[in-house]
C-alpha cells in the first residue's frame, strides 16, 4: 500500500482568474562542472517560473562530494527566489517554485 506525503506552501494553490497567469516550464540539464552553476542560478531571473531537473551524476563521477557542494552553492539563491530544492537520490536534484505542490509516495509499513 502506498502512503502519500505532501508539502504545502504558504502561497495560494489556485490563483484567481483576474490574476496574471504565468507559464510553468520544465527544464532538464546535466551538470558536468561547477562553472554551470551560474547558468542554473540565472534561470531564476526569467519572468516565468521553472521546474529544473538536473542530472548530477556526470560531476559526481569526478567528485564524490559534489552533491553536497552543489546543494550548498545553489540553495541560498533558490530559497531567496521562492524555490525549493530537493535531491532525488544520488543522481539528480530538482528545483521547483514554492507555488507548486509536491507529493511523495512511500510504501506503507
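Any read-out appearing in this document is the output of simple, stated calculations on the displayed coordinates, not a laboratory observation. Note that the coordinates shown come from a computational prediction; the quantities given were computed from them, not determined experimentally. Please note: Cβ atoms are built from the backbone with ideal geometry, for glycine as well, and neighbour counts cover all protein chains shown.
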Going by C-beta contacts inside 10 Å, put 63, 48 in order with the fewest on the left. 48, 63
If I take R0 = 25 Å and measure r between the Cβ atoms of residue 42 and residue 105 in this structure, what FRET efficiency does the formula 1/(1 + (r/R0)^6) give, to the nearest 0.05? 0.15
Show me the ranking of peptides 77-88, 49-60 by mean Cβ neighbours inside 10 Å, starting with the highest. 49-60, 77-88
Is the C-alpha gyration tensor of region 23-107 telling us rounded, prolate or oblate? Criteria: a/c under 1.5 is rounded; beyond that, a/b larger than b/c is prolate, otherwise oblate. oblate
Two-site FRET efficiency, residue 69 against residue 23, from Cβ-Cβ distance with R₀ of 30 Å, rounded to 0.05: 0.40
Simple SL model, points at 7 angstrom along Cα→Cβ for residue 62 and residue 30; separation in nm is 1.3
